[in-house]
Amino acid sequence: MRLTSGAFATCCVVIEVIGVAIFIRGFFPAPVRSSARPEHGVETPAPEPLAGASSNWTMLPSPLFNKVVIVLIDALRDDFVFGSKGVKYMPYTTYLVEKGASHCFVAEAKPPTVTMPRIKERETLSPSLLVVCGDHGMSETGSHGASSTEEVSTPLILISSAFERKPGDIRHPKHVQQTDLAATLAIGLGLPIPKDSVGSLLFPVIEGKSMREQLRILHLNTLQLSKLLQENVLSYEKDPGFEQFKMAERLHGNWVKLHLEENHSDILLGLGTKVLRQYLGALKTLSLSLSTQVAHYDIYSMAVGTVMVLEVLTLFLLSTPHVLCRKAELDVPLLSPVFSLLFYLIFLVLSAIHVLVCTSSESSCYLCSLPWLAAGGVMVLVSALLCAILSALIRMVIDGTLLKKRASHPSSGWSEVDLLLLLGTVGHVLSLGASSFVEEEHQTWYFLVNTLCLALSQETCRSYFVGDDCEPQHCFHMEKGCVDIRGCNLQDSTNYNTPEPGRTGKGVSLSEAQGSCKWWTVLASPWLVLICCRLLRSLNQTGVQGAHRPDLSHWLTSSDHKVQLSGLAALSLIMIFILVQKGCSPVSKAALAMGLLGVFCYRAATGIVLFPWQLDSKVISKGIIEARFVYVFVLGILFTGIKDLLKAQVIATDFKTKTIGLWEIHSGLVLLAALILRPHNLPVLAFSLLIQTIMTKFIWKPLRHDATEITVMHYWFGQAFFYFQGNSNNIATIDISAGFVGLDTYMEVPATLLTVFGTYVGPVLWASHLVHFLSSEASNGSALSRACFCYALIGSVPVATYIVLVTSLRYHLFIWSVFSPKLLYEGMHLLVTAALCAVFTATDHTRHTRT
């Protein structure tokens, strides 16, 4: 079965999206939540158990404290308070721990952390409570985030005059869970225990209460945990904690009956002590079961998703030599493996494993909850991919002699830019294993883009100053001849010829290279791009370390600088029109101009910018009419571009029609981006178009980079502009307002699409420019297909690597605050990549159909 490399890459990315979706569904555990939600008021507490009758005690126990003050210290390790270091650095706290009215514990932090419940402050005569605790500890080197004992052990000190302490009473800190604090504070304040709490009461806090009050409080806590267990665990009746609770409840009923009969014998005391121990044991077991359920990962779904992603990546890597060294078509070994004995054998084994896992697992599993037809489809995909990999390996062994012959006669060596693109991409992937690099990923892309500019500057300088006496590998990556760029030809992009893989092709003579561009413009272009990137870095501070620092966006968005923001927005829109209109038809030029004017009118209607004749913005609206006015022009430009593409395919007209159609689609996306981006981010869009123009005319054309290099550069710049507009790997930086531009009510599908486009506008626009740039070459039909393969490959490697890293780091303390949001971003980015690859393939199909 023969497929173009672009179609092959698109199919692989779609399968990879399915695998990542299955992995994400298994990675994020189902939250332990109570389905009981009272419609009116507070739910009446469960009555006290009583054997043979019903108790009339249905009220909550009286509160111990009237208010709580929580002192939370970042990275406070337990030995900073309880050990010798505490005497030195926290002497008063250590004194309270050793001799004061306090209870001390060592709280263990486990992911996911539970947010403390809201505290409600009752005016009674009860004493106050001071809580001193830490969120997590730290290692000996001062770092934190892993799961070592020093990093997960934190002190928990409860200080109150309600706690009695006899002289000489030495209290050693007991090991508890951080989640136990929620139930303790609720009981101490006389409030109901949060229904979703998985913690157990810290019993020393209520030791001063009477036996009946102690048992009552323990019963409420154990009952709450047992209900939570019933709603989240299918086999809850077999849980040891639930069995202990039922036993304790029966004994508690007998104790209450004896107590109401005013029996104060030793039997009552002994039975009460037994019930107390039974409740404490049940609390510990139930809390452990629920905590385990909270941190439970669907390993089976994660494993299946990981296998699918790694299989796709393996197919990509095995196909890379054929795509980059041969024609942009692949002989996909699909039909023969599907009907082979090996395929059916693998499918039967995987189906048997699936049945075994689903019938023996006591916890919930996503794949097991799917219909058998859907689960069988997943098994078919996994089996077919594995057979395809084996067939590709066998084919490589058979063709080994041919590959060796090709390798013995390489057409050219690797340039510095090639090495930079390869090592930079690999280095970025490896950096995803560190939480700090994930939080500050924007710095990685800024560094890579800046280094690329320097490498391109070095390449242009060498090509110019060395001239015709240079070595072959230094001259436009050509196999024959050298070309001087002192007189490069600034032809339209439709006349650009992308070399075949391996940089083989005809050399360009000096007479052909003479043109309108000056040598100094080529030499200065990388530095101009570098300056633009540096200016954009100052616009939006992002990440964790620098998010609080002042930047131009905060200065522009303040109410005192609305005039400056208006001028910058107007200047950016004019610059956008100048850079985009050159490749559009007259009708699209007019629509673009009206649309950009409508963008400014929309922002003026919402009061963000001002017209020159406006003194203030007292009249503010939602700007719905103005935004919809722009949407009309966006749809019109996109429709015109698609019409030209279809015309080029069906009628097989001249090549220029298709080129104009692709540029008009790019222009429509630019207009849409200008509408939904905030005004202070319009310079990001303008600089993006400016850098695309500079790179096209002064870098990619004169230096004759091949399709693979150009694709990787587009990918890098797209990622950099993702962060230039203020995005990060934190969910909080997503600008959801983009999903409501022009909408007066919430509409899920349009809002989702607009939000995704507004978030990934950088990668989308750079990919759109890549399609137009490579499609404008008529003589090389394989460039776009090869670019699609390369784009899919460099988008798949980080995802495949990251899910392996996340699986190994799933018990990391920062798994939910750092690594999990990045996983969601990678999953969505892969989905966007799949959509872009589909556009690549459709455009390439137009070319092949016309041919």
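Quick note: the coordinates plus some simple rules give every number you see, no bench work behind them. Being a predicted model, the structure only gives us computed values, none of them experimental. Positions of Cβ are generated from backbone atoms using ideal geometry, with glycine treated the same way; all protein chains shown enter the neighbour counts.
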Notebook entry, point to check: Efficiency by 1/(1 + (r/R0)^6): what FRET value for residue 737 and residue 284, r their Cβ-Cβ distance, R0 = 45 Å, to the nearest 0.05?
Noted result: 0.40
Check: Which pairs, out of 518/582; 246/274; 589/656, put more than 19 Å between their alpha-carbon atoms?
Finding: 518/582
Notebook entry, point to check: So how far, in whole Å, is the C-alpha centre of segment 809-840 from the one of segment 181-196?
Noted result: 36 Å
Check: Residue separation times 0.36 nm, minus the C-alpha to C-alpha distance between residue 437 and residue 544: what's the value?
Finding: 37.5 nm
Notebook entry, point to check: Between residue 620 and residue 296, what is the label-to-label distance in nm when each label sits 7 Å out along the Cα-to-Cβ direction?
Noted result: 4.9 nm
Note to self: If you average the alpha carbon positions of segment 341-370 and of segment 701-751, how far apart do those two centres end up, in angstrom?
What the structure shows: 39 Å
Next item on the list: Please give the peptides 736-744, 719-727, 231-239 ranked by average Cβ packing (other Cβ atoms within 10 Å per residue), highest first, as a rough proxy for protection.
Entry: 719-727, 736-744, 231-239
Checklist line | Inter-probe distance in nm under a simple model that places probes 7 Å from Cα toward Cβ, at residue 380 and residue 587 | finding: 4.4 nm
Margin query: Using a 7 Å offset from the Cα along the Cα-to-Cβ direction at both residue 264 and residue 246, what is the distance between the two label points in nm, to one decimal?
Written below: 3.7 nm
Note to self: Suppose the chain between residue 84 and residue 320 were pulled fully straight at 0.36 nm per residue; how much longer would it get relative to their current alpha carbon spacing?
What the structure shows: 78.9 nm
Next item on the list: Arrange the peptides 280-287, 560-567, 458-465 so that the one whose residues have, on average, the most other Cβ atoms within 10 Å appears first.
Entry: 280-287, 458-465, 560-567
Note to self: Can you order the peptides 784-795, 656-667, 268-279, 168-179 by their average number of other Cβ atoms within 10 Å per residue, highest first?
What the structure shows: 784-795, 656-667, 268-279, 168-179
